[in-house]
Amino acid sequence: MAQDGGTRQQRAVATRAAIIDAAAHEFDEHGYLGTSMDAVAERAGLTKGALYFHFSSKADLAGAVVARQHEVSRQYGEAAFARGRTPLEVVMWLSQGLATQMVHEVVVSAGIRLSTDTAAAEVDRKDPYTDWMQLVAELMGQGVEAGEVDPVWDPALVGRVVIPAYTGVQTVSDVLADRADLYERLRELWTLLLAAIVTERTRPEIPRLVGIIAPLPTEV
C-alpha cells in the first residue's frame, strides 16, 4: 500500500511538471490573454478535469510557471557565481546564463513574459527588473573595490542602465532573429558598456570578458 501511495505521488509530481511545461509553451507563444486552460490541457495530453485537479485557475497556473522560472534562474545564478573569479566575470556569466535560459528554457522566457504582461496583473509574480538591477549594482560595487570598475561610476546607475539595455537587446533579438543572434548581440552590448566603465587596468581584459557570453559546448 505504501508503495502504491509512493507511485501515485510520483505520478502526480510528473503530471504537475508536464502541465507546467505545457503551460510555459502556451504562455510563451500566446501570452496570458491568448492562453486557455483547454489549450494547456490538450498540449499536456490531459482532460480539463485532470488539469483543474492540479491548478484551480489560469492565474494559479501562471503563478506556478513564474515560480518555476525563478527556481531555474536561481540555479543558473548559482552556477554563474561559482564560475566567476572576479565581480565582472560573475556579471558576464550571469549574462551568459540569462541568454542560455532565454534560448533553451521555455519556462524562463514564459515566466518573464508573464511577469511583464500587464494583462497578467492577477498572477502572483515578482518585479522582474528591480532584483536584477540591485544584483548588478552590488556586483559593480564589488568591481569598484576590486579595481575592475572605474569608481567614477555609481554602481546603482550602472544597474539601472544595464538591465533595460539587456531587455531591449533580448526583445529585438527575439523579434528579428528568434534569439538566434542573442549571444552575439549581448557581446556587442557589453563591449560598449565595459569600454565605458572599466579601469585602464581592466581594459585589455574586455575581449576575454565578453567572450564568456557564448553558448557552452553542451549547447551547440
Taking the range 82-116 on its own, how many of its residues are more than 11 Å from the chain's Cα centre (by Cα) and of a type in the set (Asp, Glu)?
1
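Table: residues versus (1) without any contact (Cβ under 8 Å) to a residue 12 or more places away in the chain; (2) in contact with an Asp or Glu (Cβ under 8 Å, 6 or more places away or on another chain).
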position: Gln10; (1), (2): yes, no
position: His30; (1), (2): yes, no
position: Leu46; (1), (2): no, no
position: Ala59; (1), (2): no, yes
Among (1) modelled with pLDDT of 95 or more; (2) farther than 16 Å from Leu94 by Cα; (3) surrounded by 12 or more Cβ atoms within 10 Å (Cβ to Cβ), where does Gly168 come up short?
(1)
Flag for Arg74 being assigned to a helix (DSSP H, G or I), modelled with pLDDT under 95 and closer than 30 Å to Val198 by Cα:
yes
Failed item in (1) closer than 13 Å to Ala24 by Cβ; (2) free of Cβ contacts under 8 Å to residues at least 60 places away in the same chain; (3) crowded, with 18+ Cβ neighbours inside 10 Å; (4) within 18 Å of the chain's Cα centre (by Cα), with Val66 passing the rest:
(2)
Complete set of residues in the range 69-89 that are among the hydrophobic types (A, V, I, L, M, F, W, C) and either without any contact (Cβ under 8 Å) to a residue 12 or more places away in the chain or farther than 14 Å from Glu205 by Cβ (or both):
Val72, Ala79, Ala80, Phe81, Ala82
Name the residues in the range 118-165 that are under 30 Å from Gly34 (Cβ atoms), in contact (Cβ under 8 Å) with a residue 60 or more places away in the chain and either among the basic types (Lys, Arg) or surrounded by fewer than 19 Cβ atoms within 10 Å (Cβ to Cβ) (or both), would you?
Ala119, Glu122, Asp124, Arg125, Lys126
Is it the case, given these coordinates, that Val198 is closer than 23 Å to Arg83 by Cβ and hydrophobic (A, V, I, L, M, F, W, C)?
yes
Scan (1) modelled with pLDDT of 95 or more; (2) part of a loop (DSSP other than H, G, I, E, B) for the single condition Arg125 breaks and write down its number.
(1)
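The values are calculated or read from the model by the stated rules, or taken from the named source; none is laboratory data. None of the values given here were measured: they were computed from a predicted structure. Here the Cβ is made from the backbone with ideal geometry for all residues, glycine too, and neighbour counts use every protein chain on show.
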